[in-house]
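Readers should treat all values here as calculations from the given coordinates under stated rules, not as data from a laboratory. As the structure is a prediction and not an experimental result, all values here were calculated from the model. Quick reminder, even Gly has a Cβ in these numbers, built from the backbone with ideal geometry, and neighbours come from all protein chains shown.
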Amino acid sequence: MKTCSYAAGALAAVSLLACAVEKKPPVVESGKAIVQAYVDAWNRHDSVAIDTLLAPNAVHEDFAQNFRGRGSAQIVKFMRQTVVTQPDFKWEVTNSIEEGREVALEWKWTATYSGPDLKGNPITNRRISGRGASFAEVENRKVKRITDYLDLASLFRYPRESRAKGSKSEIS
């Protein structure tokens with residue numbers, strides 16, 4: 001009888017321990033949290049996370065860069081192309097609003113850029129920074145659509161302190 005009691009106790013302890021060790025991923029409920037997780041995945045250059053956060057036929061549009069991608073393969077390719085020219089980019093959400101399935105974001109983008117400027121001239125290791133907004137639609141805890149709006153030219157403006165005194169481009 002003692003042996004059965006010990007065996008039953010050991011079995012119960014192992015069962016409880018097995019349940020305690022199994023970790024389940026946290027359930028992200030709000031649209032704002034899902035879109036923030038998408039932004040975070042971009043910042044980590046994490047294509048696997050991006051894939052899990054997107055609806056099967058999700059659309060990501062970036063009007064400033066003339067990009068419209070459908071599905072995670074096209075969107076991940078766009079992210080990887082961005083990494084080539086801006087390997088240290090940071091997409092920082094500064095404000096967000098959620099109403100039903102819609103999420104609106106204000107954000108700041110910073111990076112070190114190497115590639116062509118707006119006129120096609122080469123730039124190497126130039127710090128850029130700009131602000132923009134995005135509108136996203138979340139459905140069944142997945143990003144169904146996200147559209148970015150950014151003044152691309154603002155990323156390439158020289159900071160005020162780097163302009164020559166008295167130049168025509170100096171802001172008073």
**Prompt:** For the range 28-162, with the dipole built from +1 on Lys and Arg beta-carbon atoms and -1 on Asp and Glu ones, taken about the Cα centre, which of His60, His45, Thr124 lies farthest toward the positive end?
**Reply:** Thr124
**Message:** What's the ranking of 61-67, 134-140 by average number of surrounding C-beta atoms within 10 Å, highest first?
**Reply:** 134-140, 61-67
**Complete:** Counting Lys and Arg as +1 and Asp and Glu as -1 over every other residue whose Cβ sits under 12 Å from the Cβ of Ala37, the net charge comes to +1
**Asked** Lys/Arg Cβ at +1, Asp/Glu Cβ at -1, dipole of the range 28-162 taken about the Cα centre: which of Phe135, Gly31, Gln74 is farthest positive-ward?
**Response** Gln74
**Fill in**
Going fewest to most other Cβ atoms within 10 Å around each Cβ, His60, His45 line up as His45, His60
